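See below for the structure under consideration.
Where a number appears in this text, it was derived from the coordinates with a stated rule and is not lab data. Fair warning: this is a prediction, and the values are worked out from it, not measured in the lab. We place every Cβ from the backbone using ideal geometry, glycine too, and count neighbours over all the protein chains shown.
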Amino acid sequence: MQYALVSGQRSTPQPGLVGACPACNWPTVSKCGTKVMWHWAHKARRHCDPWWENETEWHRHWKSLFPDDAREVAHFDATTGEKHVADIKTETGLIIELQHSPMPSEELRAREHFYKNMIWIVDARPFAGQFHILGKLPPPDCDLVEDIVFYPQRHRDTGPGGFWRPSENPEPRGLVLYHSINEISKEIELLYQGHHFFEWIRPRAIWFDATAPVLLDFGGPCLWRLRAYDDRGLWSVQRTSKDAFIAENGGNPE
């Protein structure tokens with residue numbers, strides 16, 4: 001934890017300080033060694049929040065981009081008494097959960113149900129070498145794609161990719177009339193809003209089951225939102241500015 005209550009006030013860890021967990025009021029001790037980030041820990045290795053994961057430099061950096069009072073906010077359900085600590089809670093009530101480690105699908109569903117108004121930011125650096133962002137796509141709700149079915153691209157493809165038209169193949173069984181994406185490349189450029197094909201080798205499939213937005217952070221200036229592109233099973237990623245996302249949600253980009 002980055003914050004504990006010391007004499008009733010939120011405080012960062014300092015050598016020799018003792019405090020209390022903001023969520024459960026259990027005693028905490030400050031860990032201020034030379035080999036790990038300074039942090040607070042429950043005494044006796046207790047974790048009051050079953051959704052807790054070891055905080056990394058990546059977590060701490062993301063939290064540092066938002067005001068102190070937006071970080072590690074205890075969130076309570078008055079009806080059930082359930083309580084959890086949100087990584088970031090903005091002024092508008094949006095919960096931003098930072099996830100580095102894999103997690104079971106049951107936890108994903110539980111966290112989305114509990115927070116409801118939330119966004120996932122996933123540390124994508126561990127699988128960056130297996131994730132290939134490919135060619136551009138037009139927005140999925142534009143007129144151009146009403147009569148287009150794209151073939152998923154693969155990172156080893158030598159060509160630009162292709163598509164077929166339902167109007168030309170009203171009862172597609174087996175072969176369909178193939179078109180190269182080059183035929184509509186100019187239209188795609190004009191309509192482009194950041195959507196791309198991608199190939200994810202050995203994907204963390206849990207993120208395809210999320211109902212809240214999933215933003216992948218590969219460490220660069222962009223975030224990539226994972227999203228279903230059509231009702232035929234094609235998925236895409238959409239690029240967005242990391243600085244713009246932070247600013248729009250009350251943070252301070254570096």
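Annotations for the structure displayed:
- The stretch 233-254-the stretch 60-107 distance, computed between alpha-carbon centres (Å): 18 Å
- When each of Tyr3, Tyr229 is scored by the number of other beta-carbon atoms lying within 10 Å, the sequence from fewest to most is Tyr229, Tyr3.
- For a label point 7 Å along the Cα-to-beta-carbon line of Arg227, residues of the stretch 172-191 with backbone N under 20 Å: 187-191
- Considering helices alone, the calculated mean residue ellipticity of the chain at 222 nm is -3500 deg cm²/dmol, with DSSP H runs of length four and up weighted by -39500 (n - 2.57) and normalised per residue.
- Remark: Lys242, Lys186 ranked as Lys186, Lys242, counting other beta-carbon atoms within 10 Å and listing the fewest first.
- Taking every alpha-carbon pair under 8 Å whose residues sit at least 6 apart, the stretch 55-254 reaches a relative contact order of 21 percent.
- Among Ala74, Ala205, Ala41, the residue with the largest mean-square fluctuation in a Gaussian network model of the chain, with springs joining Cα atoms closer than 10 Å, is Ala205.
- Think of the chain as having a plus end and a minus end, set by charges on the Cβ of Lys, Arg, Asp and Glu; of Ile201, Leu5, Ile148, Leu5 sits farthest toward the positive end of this dipole.
- For Rg and Dmax of the Cα atoms in Å, computed directly from the structure shown, the correct entry in (1) 22.3, 74; (2) 18.1, 67; (3) 20.0, 64 is (1).
- Loop chymotrypsin sites (Phe, Trp or Tyr not before Pro), the stretch 135-184 (other Cβ atoms within 10 Å of the site Cβ: 13 or fewer; DSSP): Tyr178
- Extension gain, Ile184 to Ala78, is 32.8 nm, computed as 0.36 nm per intervening residue step minus the present C-alpha separation.
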